[in-house]
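Worksheet: the structure to be examined is printed underneath.
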Amino acid sequence: MSTVVESHDHGHHGPAKGLSRWLFTTNHKDIGTLYLWFSFIMLFIGGAMAMVIRAELFQPGLQIVQPEFFNQMTTNHGLIMVFGVIMPAFVGLANWMLPMQIGAPDMALPRLNNLSFWLLPMAFGILISTLFMPEGGPNFGWTFYAPLSTTYAPSTVNFFIFSVHVMGVSSILGSINIITTIFNMRAPGMTLMKMPLFVWSWLITAYLLIAVMPVLAGVVTMMLMDINFGTSFFNAAGGGDPVLFQHVFWFFGHPEVYIMILPAFGIVSHIIETFSRKPIFGYSSMVYAMASIAILSFVVWAHHMFTVGMPLAGELFFMYSTMLIAIPTGVKVFNWVATMFRGSITFETPMLFSIAFVALFTIGGFSGLMLAIVPADFQYHDTYFVVAHFHYVLVPGALFGIIAAAYYWLPKWTGNMYDETLGKLHFWLTFISVNVTFFPMHFVGLAGMPRRYPDYALQFADFNALISVGAFMFGLTQLLFLFIVIKTIRSGKQAKPEVWEGAGDLGLEWTLSSPPPYHSFTVQPQVK
Amino acid sequence: MAYIKKVSAKLIFALPLFFSSLIFSEKSDYNMPVGVTDVSESIFELHMIIFWICVVIGIIVFAIMFWSLWKYRKSKGAVAADFDDNFWLEIGWTVAATLVLVWMAVPSTQVMVEAYDDAEGEINILITGHQWKWHYEYLEDEVGFFSNLSTSQEQIDGEVPKGEFYLQEVDEPLVIPTNTRVRFLITGNDVIHSWWVPDFAVKQDAIPGFINTAWTNVPEPGIFRGACTELCGIKHAFMPVVVRAVEREEFDAFIAEKVALAEEERMLTSKVWTKDELMERGESFYAVNCAACHQANGQGIPPVFPALEGSQIALNDSSKHIEILMEGVQGSAMAAFGDSYSEVDIASVITYTRQAWSNGENGDGVIVTPQDIVAYKNRIDL
Amino acid sequence: MFAFGWLLVPMYDVFCEITGLNGKVTGPSSLSEESLAITEQRELLVQFMTHNNESMPWFFDSEKSQMRVVTGNQYEATFVFHNTTGKEMVGQVIPSVSPGRGAEYFHKTECFCFERQVLAAGERIELPVRFIIDPALPKEIGSLSLGYTLFDITDRVQTNNEIAKL
């Protein structure tokens, strides 16, 4: 179904002026901008927490913060990065790009779109404010296992639960909007199998979100009941089970991590295609692979729980299903490489980040495959090996995807080219510091350092010092990124509609001016 | 550019050699330990097999990618081909990937079955995770003890240099006999903890209300150090696991000694204690079991951990003082110590906290003896 | 999906009871027709462990920490409960069988863990557990460990009573 877009002129009107523009906007580009700036600010807040963690871990001993505060830092660093940086950034990119990529004037539900965004500053305002309350903020890890997060939690846990509910509502409403937009507002001629891969990635991600955010809502509500209303969902005394918490949480948690990577897959496919000057290899397989990953993501959750005491049959099942996910993921990596093969390649900043994505996400994938092997996982579980794995797939994975998208589409959004030299500098400093930070974590985890430790035995000292240095470098380098973004918004060489050589044939967004008109497509394009 | 290419080319060969040397050393800072049991060795070998398979796949994929990036540069005149699929190639590499995974799944399943052995243990040890220490109980001999971190706070705060086994040493390690099938029964007392000894490749979560099981059989004597691997609160990093494997005769002597000590404790309950004896015992008990929350200076960390110095209960209300130690405080982190510690220990620490710091000058001076604790338990008037 | 998340709770209970996963078995159970038909008996070790969950001050112990038993026969083990405090309290014992897959073969025909226990101040009682090990127990399971964790549910009961009065 596609809606008919009227082509009459509304008269010259652009955005409102001042604060009202941003509070009340229903324009997908403005809302995309809001999400992206929100995510960028959260990156620095969550990043600051990481700096506190790494400063404390720079040397053995407790020098800078006490364990009480350290646990709050690790918990909130995780919560902010997952729910406040990666997810909103991808939603922001979706908001900016999806209508343009499908030839629509805006999202299907523009007012709902505004609500979806503004729920987030509210949710995070509440969450971050708990750090300043007397009992301190949440301190039980971003995975908040019961009973540490129920019976033994500070009373600020209730704010945490409320905040998670609000974030969940935001995601669900946003996903409803995205699915409705994609199914109803595509330009005529754009069948599903002609949609850009970023659109596909978001269609699938939106379904995942609708499926699992209610499960998260369920688990935090059960927590709320256990804490305040005398129920025993996770309390053995009343006939409940702490392991139930883990099952329900990870039933949400595993699809959640695919929610955090699928849009990056879409972005990277676009960028590699553009800068190899060659169509993406195996378009249909790319679609089927993303869909398979999404479906499989529902049957692997217990690989986060291999040491809770599951019976042998259960552990083997989850080992096999987890290993299976490597296949569609591998297919995607092969297809990206096949796109580059016999292309005509240039190395602008988005391409550099995308190449690094393919290489480093693959390394993260390998450590993931190692973690899937249950008996070996007995030695990896809850150590820095896991921390290395998920940081590899999230930082040079998801975050590089977001940064690559920013460089790729900034000229479209602002009408100005970013400074290529600075962009490359940002890339190389980031690439080096990311590896200095996260690669040694594999070693220190294999050698026996557990995670969520504010202090450690002496044999881990050298690597921890190196990791901290890398982390400080990584954090500082992102200030350069901030500078580059602001500089691009304010000045820079004028960007053409096409921006990148040959991009005109690659997507409808490149047929619009840079920056695009306020309502993007006022006349519906035809797709052949 | 050319210089960078030359260096990179050399690195491609040098790095794997460098890493192999590190990885293959027995006790390395880079790799999982081989460990000392059959199971841990099987797991190490499996880990290395999977690792090398990943390395080979990685080398192949990255080689093709980096070669393409170099060879098909537009700056060197590459013109893009226009193919965008190849059905049989895609089928081919999908099938190949599946076969590799099946190939990995077979040894993984075998090692799993080896590790998941439910046979009877010759020795059974109940391990309970507490905030923030381990309790070990030998079920056959009905003797048990707590195992606390023994690294001093001064080392942690950087006031004195750190010892060799910083954060990996305890006052009472778990002692097990070699060449014996030892079965561990693991549970939690409060929150979820996890008991891990890398050299045995044993890791199981300690879940309150539930018992998990693990086993090991250590062929040679030695000391093996592990950790708590599930976030359990502020001292998660400060409750290490230390296991001493000893020859059977030494183990039997150890158990006999523990049984004798338990008997002595029971005798001690009925002896007459002086204030100084109680203070001395209470001071060391306090340092190990109370200072973590109430602090060495008795100031606590209000509001969560009340100050004991100047506390009304410690100064004037010895009955309440006993009740709190014996029964804990509902809804707070103060556990019931009554069932975990002897009457002697409880009486000593109560006496100590009533006299220590400025409490001795300002308080009512009441001393609590082990007999008082026995009386409390049996509801005789104090 | 939300409904599914909520339903996971009772589903989990039912699933665990049917399969005995996680060592969880509640309520009395007895042998099935097939098990009754098995005449072959084997010996195994049954161990008892008691543990007080934090803040539970009662004395709680088993008279014997282990028994050698034969499958198919009924046995009894005695446990001591002593409320050493100055007030009436309510306790709940939660059983857990290890290994988990052995739980469905551990049939308790009578157990203090089926109900909560109310003890007056200073009261001391001895309570039995009567059980039969199913002859169908797989031979790979060499011993069964029954762990009992005693929880203090005085406050929980009090709160529920107050709510019931409303």
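No lab work stands behind these numbers, since they all come straight from the coordinates. Not measured: the values here are computed from a predicted model. Here the Cβ is made from the backbone with ideal geometry for all residues, glycine too, and neighbour counts use every protein chain on show.
Structural remarks
- Computed from Cα atoms, the angle from the helix C:2-19 axis to the main principal axis of chain C rounds to 50 degrees.
- Efficiency of FRET from Cβ geometry, residue B:88 and residue B:66, R₀ 22 Å, rounded to 0.05: 0.30
- Calculated FRET efficiency for the pair residue C:74/residue B:301, C-beta based, R₀ 45 Å, to 0.05: 0.25
- Per residue of peptide C:140-151, the mean number of Cβ atoms on other chains within 10 Å of the residue Cβ is 5.
- 0 to 90° range, to nearest 10: angle between helix C:154-165 axis and chain C longest Cα axis: 70
- Whole-Å distance, taken between Cα centres, linking segment A:203-240 and segment B:280-313: 37
- Among the chymotrypsin sites (Phe, Trp or Tyr not before Pro) found in segment A:200-261, those both in a DSSP coil and sparsely packed, with 10 or fewer other Cβ atoms within 10 Å of their Cβ, are A:229.
- Chain C: most fluctuating residue of C:33, C:104, C:123 per GNM, C-alpha cutoff 10 Å: C:33
- Segment A:38-161: relative contact order as a whole-number percent, Cα under 8 Å and 6+ apart: 28
- Anisotropy class of segment B:148-195 from Cα gyration tensor, a/c 1.5 cut: oblate
- The relative contact order of segment B:247-382, computed from alpha carbon pairs under 8 Å that lie at least 6 residues apart in sequence, is 26 percent.
- Annotation: the antiparallel percentage among DSSP beta bridges lying fully within the protein assembly as shown is about 75.
- In the elastic network of chain C, a GNM with C-alpha springs shorter than 10 Å, the most mobile of C:140, C:63, C:43 is C:140.
- For the peptide C:121-131, the mean number of other protein chain Cβ atoms found within 10 angstrom of a residue's Cβ is 1.
- Label point distance in nm, residue A:158-residue B:171, each placed 7 Å from Cα along Cα→Cβ: 3.9
- Loop-located chymotrypsin sites (Phe, Trp or Tyr not before Pro) in segment A:11-107 whose Cβ has at most 12 other Cβ within 10 Å (DSSP): none
- For residue B:143, the amide hydrogen comes within under 5 Å of the amide hydrogens of B:138, counting only partners 5 or more places away or on other chains and with H modelled in the peptide plane.
- Neighbouring partner chain Cβ atoms per residue of A:357-366, average, 10 Å criterion: 3
- For chain A: relative contact order, % (alpha-carbon pairs under 8 angstrom, 6 or more apart): 18
- Two-site label geometry, residue C:87 and residue A:501: point separation in nm, points 7 Å out along Cα→Cβ: 8.2
- In loop segments of segment B:123-163 as defined by DSSP, the GluC sites (Glu not before Pro) with at most 10 further C-beta atoms inside 10 Å of their C-beta are B:159.
- A full extension of the chain between residue B:95 and residue B:114 corresponds to an added length of 3.9 nm, given 0.36 nm per residue minus the alpha carbon distance.
- When the square roots of the Cα gyration tensor eigenvalues are ordered a ≥ b ≥ c, the ratio a/c for chain C is 1.5 or more and a/b does not exceed b/c, which makes its shape oblate.
- Under DSSP loop assignment and at most 16 Cβ neighbours within 10 Å, longest trypsin sites (Lys or Arg not before Pro)-free interval of chain C: C:1-41
- Taking chymotrypsin sites (Phe, Trp or Tyr not before Pro) as exposed when DSSP calls them loop and at most 14 other C-beta atoms lie within 10 angstrom, chain B has its longest site-free stretch at B:84-382.
- Scanning chain B for DSSP H helices at least 24 Å long along the axis (C-alpha atoms) with a Kyte-Doolittle mean no lower than 1.6 picks out B:38-71.
- Hydrophobic, long helices, defined as DSSP H runs whose alpha-carbon span along the helix axis is 24 Å or greater and whose mean Kyte-Doolittle value is at least 1.6, occur in chain A at A:197-228, A:349-372.
- Rounded, prolate or oblate (a/c below 1.5 giving rounded, otherwise prolate when a/b exceeds b/c) for the protein assembly as shown by Cα gyration tensor: prolate
- Peptides ranked, highest mean first, by Cβ atoms within 10 Å: ranges A:496-505, A:139-148: A:139-148, A:496-505
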